[in-house]
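The values are calculated or read from the model by the stated rules, or taken from the named source; none is laboratory data. Only a predicted model underlies this, so the values are computations on that prediction, with no experimental measurement involved. Every residue, glycine among them, receives a Cβ derived from its backbone with ideal geometry; neighbour counts consider all protein chains shown. Areas reflect the complete protein model, heavy atoms only, side chains present, ligands, DNA and RNA absent. Shrake-Rupley method; radii C 1.70, N 1.55, O 1.52, S 1.80 Å.
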Amino acid sequence: MRLSSDSLTIPFMKHLQRFILLLIALAASTANALTPEAAVDSYFKPQVVRGYYSQTHEMVGYPRPVTTDGTFLIVPQRVIMWEEKGLFPTKTIYRDNSFHIYQEIGLDRVFRAANPVTNIANRVLWALFSGDFIGLRQDFIIEAEPDGFYWIMNFYPKSSLARATIKNIRAEGSPMPYRVEFLTVSGDKTTIDLYGLQQSNATLTSEENALANP
């Protein structure tokens with residue numbers, strides 16, 4: 001039995017069309033891919049960032065979540081400052097060089113060792129406002145998903161240290177970051193909402209400089 005050239009051409013063309021469609025789909029997915037650095041580059045300029053925050057901590061076994069709020073200031077690559085409102089306002093300073101936290105209580109500066117979740121929370125925010133994800137990639141697999149001006153980043157623990165503490169971290173922005181959620185292996189959940197963010201070239205006040213350089 002002899003096959004005609006047409007009978008050979010038709011199946012070949014069908015496979016060729018499928019191959020072309022696959023290439024187009026792959027090209028589209030590559031074009032829509034987003035790196036964490038590219039997401040940060042879409043909104044970040046090397047300036048001082050000020051804003052407000054609200055933090056909600058939901059703990060397993062406790063019926064009511066614990067909520068705190070206040071203001072924050074970020075000088076990329078240098079320092080993050082938190083000022084918590086409340087009956088006893090406190091100022092917390094996070095520095096990249098050794099990930100230490102200092103707490104301001106009245107006129108006294110008290111060193112406070114950060115718990116692992118607090119440390120990781122500051123590391124994530126540090127990356128989101130500086131574009132430096134090198135350190136985080138040692139402990140997490142980071143995936144970014146774009147949707148216009150809206151993006152999502154998921155941080156999946158890969159090091160033994162991260163897996164012992166964190167189950168998943170999810171950050172959202174539009175395009176500036178506005179929410180970061182931390183789910184621990186114990187089931188506790190911490191949500192930090194950021195709002196009123198302002199970028200400026202303004203220099204720090206003398207008090208802020210003193211806190212940034214203890």
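Remarks
- Solvent exposure of segment 39-102 as accessible area per residue, Å², 1.4 Å probe: 57 Å²
- Ordering of 100-108, 127-135 by packing [mean C-beta count within 10 Å, highest first]: 127-135, 100-108
- The residues packed around residue 103, meaning those with a beta-carbon under 14 Å from its beta-carbon, carry a net charge of 0 if Lys and Arg are +1 and Asp and Glu are -1.
- Total lysine pairs in segment 62-214 at Cα distances under 26 Å, for residues eight or more apart or on different chains: 5.
- By definition, a body whose alpha carbon gyration tensor gives a ≥ b ≥ c is oblate when a/c is 1.5 or more and a/b is not larger than b/c, and segment 103-214 fits this oblate description.
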